[in-house]
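Heads up: the structure comes next, in structure tokens.
The values are calculated or read from the model by the stated rules, or taken from the named source; none is laboratory data. Treat the numbers as computed from the prediction; the structure is a model and nothing was measured. Quick reminder, even Gly has a Cβ in these numbers, built from the backbone with ideal geometry, and neighbours come from all protein chains shown. Surface accessibility is based on the protein's heavy atoms, side chains included, excluding ligands, DNA and RNA. Shrake-Rupley method; radii C 1.70, N 1.55, O 1.52, S 1.80 Å.
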2 protein chains.
Amino acid sequence: MPKGQPTSVPDDGLTTRQRRQRPLLMVHTGPGKGKSTAAFGLALRAWNQGWRVGVFQFVKSAKWRIGEQTVLERLGQLHDETGEGGPVEWHKMGSGWSWSRKQGDETDHAAAAAEGWAEVKRRIAAEAHDLYVLDEFTYPLTWGWIDVDDVVAALTARPGRQHVVVTGRNADPRLIEAADLVTEMGKVKHPMDVGQKGQRGIEW
Amino acid sequence: MPKGQPTSVPDDGLTTRQRRQRPLLMVHTGPGKGKSTAAFGLALRAWNQGWRVGVFQFVKSAKWRIGEQTVLERLGQLHDETGEGGPVEWHKMGSGWSWSRKQGDETDHAAAAAEGWAEVKRRIAAEAHDLYVLDEFTYPLTWGWIDVDDVVAALTARPGRQHVVVTGRNADPRLIEAADLVTEMGKVKHPMDVGQKGQRGIEW
């Protein structure tokens with residue numbers, strides 16, 4: 001609904017243009033489908049604007065997001081070759097984060113998640129990306145692996161013009177409070193309810 | 001949640017594999033963000049699987065989805081050049097549908113919408129695409145420009161292995177009933193509520 005009108009105009013001393021350009025903290029939560037998929041759709045738009053996209057996957061999985069990763073990394077390669085769009089970095093927990101030399105021993109998922117968040121914080125301080133996709137980031141928060149207050153403080157105080165989208169179920173109320181845009185994906189009907197498992201091309 | 005388990009297994013005579021491969025009718029509805037964005041994220045995955053992607057935009061707009069269109073058409077071009085991914089077609093209402101010779105006079109939006117749906121029906125009968133994105137398709141249904149029962153009949157009886165995703169608010173109950181997967185995007189918080197208008201890279 002890009003042509004919508006604000007329902008109220010705040011007395012914040014900003015011009016409409018300044019307010020419009022304000023970077024957003026977005027949260028996609030809820031039990032339904034589309035939380036991550038919509039975040040990767042945002043990454044498409046960001047790439048198209050020439051933004052520097054950084055994706056950080058906080059839950060280990062062998063096959064999740066393979067389609068999106070292939071496509072976004074291909075777009076990043078296009079950028080490097082032709083200058084189209086923006087650069088793309090994709091990092092995931094699993095056998096060590098992509099930027100990390102540490103590989104292999106991944107038994108301590110809590111430590112790996114904390115390491116991932118520490119790197120995201122460093123990048124935010126350095127204004128390394130224009131859009132951060134923190135995929136499935138609510139889970140290590142829920143599990144107590146990463147401190148919610150630290151996350152909210154770092155995201156709220158982020159410098160410059162950096163957009164952030166966090167995905168995952170059960171987003172902490174403090175994160176929701178801090179966010180500019182929150183969408184709750186509700187499950188109305190899902191094929192698993194009638195015995196259909198996920199399939200290639202749709203789920204990954 | 002690709003690794004989830006079905007909560008029940010139906011007595012439909014299908015094997016798990018057959019059931020898994022069953023093509024899906026998906027609906028993204030509700031007042032929140034992410035309905036179309038998630039559909040375009042699905043299109044990314046589909047492209048990556050080599051599927052033939054057809055996007056049909058049912059609401060005229062000068063700037064909506066420009067980012068997604070540019071990226072998906074670029075991916076379609078990559079397919080044509082290198083064989084990577086699948087072919088992409090993007091058609092929109094506006095100054096005539098892309099496949100139509102008729103251009104210019106677009107005063108009759110209802111007729112244009114009906115013409116678009118007639119073409120989608122022909123393509124479904126011909127199994128022209130593996131994924132159809134019918135973007136903002138709920139609106140011409142709500143406005144009575146296209147007959148809901150005709151849509152449900154054609155989508156339910158579609159041959160072969162064609163996936164369809166319909167986006168838009170207020171999906172008709174008959175469409176929801178016919179769908180395999182329905183996600184309701186709920187608005188929890190939106191920047192427009194505090195006077196921030198949409199911005200480039202995020203909204204389009």
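Summary table
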quantity	calculated
Unmet criterion (only one of (1) at pLDDT below 95; (2) surrounded by 12 or more Cβ atoms within 10 Å (Cβ to Cβ)) for A:D130	(1)
Which numbered condition B:K63 fails, given (1) under 29 Å from A:E73 (Cα atoms); (2) modelled with pLDDT of 90 or more	(2)
Yes/no for A:L25 being modelled with pLDDT of 95 or more and out of contact with any Gly (no Cβ under 8 Å at 6 or more places or on another chain)	yes
Condition broken by B:G186, with the remaining ones in (1) in contact (Cβ under 8 Å) with a residue 40 or more places away in the chain; (2) more than 14 Å from every other protein chain (Cβ to nearest Cβ); (3) touching an Asp or Glu at 6+ places or on another chain (Cβ under 6 Å) satisfied	(2)
Among (1) touching a residue at least 60 places away in the same chain (Cβ under 8 Å); (2) open to solvent by 40 Å² or more (accessible area, probe 1.4 Å) - the single one B:D150 does not satisfy	(1)
Residues (at the interface with chain A (Cβ under 9 Å from one of its Cβ atoms) and among the small types (G, A, S)) located in region B:51-80	B:S61, B:G67
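So that you can scan it fast, the table gives a plain yes or no per residue for (1) open to solvent by less than 10 Å² (accessible area, probe 1.4 Å); (2) of a type in the set (F, W, Y); (3) in a helix (DSSP H, G or I):
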position	(1), (2), (3)
B:T70	no, no, yes
B:L78	yes, no, yes
B:S95	no, no, no
B:A110	no, no, yes
B:V120	yes, no, yes
B:R161	no, no, no
B:R174	no, no, yes
